[in-house]
1. Of VAL140, VAL120, VAL68, VAL51, how do they rank once you tally other Cβ atoms within 10 Å and put the fewest first?
2. Quick one: order GLU133, GLU39, GLU128 by neighbouring beta-carbon count within 10 Å, fewest to most.
3. Once you've got the Cα coordinates, tell me which of LYS106/LYS221; LYS221/LYS243; LYS151/LYS203; LYS223/LYS243; LYS106/LYS223; LYS91/LYS241 are over 23 Å apart.
4. Sorted from fewest to most neighbouring beta carbons within 10 Å, what does the list HIS63, HIS25, HIS131 look like?
Amino acid sequence: MTSDGKTPSSQSGFFSDSGELGGSHPQFTEICTALYERELLHIAHYGPANVSILRRRLAGLPHHIRSVARFLIANTTPLDIDAHNGSWFIKQPGKCPGMTQTEDKKRQWYAQHADYGLVVPIGVSTLEGIHLELDSIDSVDSSRHILHTNKLGWFTFDGERILENTSANQLEKASLADEEINSTDASMATNDANTIIKMQLLKPTTAIMTSACSGHMWRHKSKGAPRALSLREMRLSTQIKWKNFTLTGI
């Protein structure tokens, strides 16, 4: 702790740039520290083996972490922030929202709003329970009513997941910078693949998106402890248009 408006020069200088929005906010450094601790631990366990990619990933952390921290401080969302853990939070509902959505509702919504870069929620059912993940669309085939998300793959507009190799025209993956940031998530997905029972694309609603941002999890008979979102998902949470969840937000 400090007094008289002064902060430790080394830490303050590391996390904030002169004139940068949020850099002087009293919670800015605390949020950045929490994000760094979480992401470095994540990298230590699941990071890329390629040294070159690892170096570029680490070099990009300050930019991405400051960006997320500034957004949390500004907070124009329906969520509260937990500065100590560098995360979003809201009261968890008793059951996972959206799991009873009809195929018709999802099909109609995605036929109208599916587009490159749109942040979408995906329900993931495992042997242990259910949670919601944020992903982003990187390819849309409107003629076949299917879309591809950056991490979790192909889905129909109805919300059903499609196995790989269903399309010969799959678009190029995200840029190298995004691939480096996503690399830990890809490792996690591979490690957990044998426990996944089902994944389904959901139509975004306020209840679904706030639970996804807060890391809510449900066991088969009770609520589970919230999971910590990766830096990638935290970045995606800053791109959500909360008015109606479309790219325009109109």
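Laboratory data are not the source of any read-out in this text; all were calculated from the coordinates shown. Nothing here was measured: the structure is a model prediction, and the numbers come from that model. No Cβ is skipped: glycine too gets one built from the backbone with ideal geometry, and neighbour counts run over all protein chains shown.
1. Fewest-to-most ranking of VAL140, VAL120, VAL68, VAL51: VAL51, VAL140, VAL68, VAL120.
2. Sorted ascending by nearby Cβ count, the order is GLU128, GLU133, GLU39.
3. The pairs that break the limit, which is 23 Å between Cα atoms, are LYS106/LYS221; LYS221/LYS243; LYS223/LYS243; LYS106/LYS223.
4. In increasing order of surrounding Cβ atoms, one gets HIS63, HIS25, HIS131.
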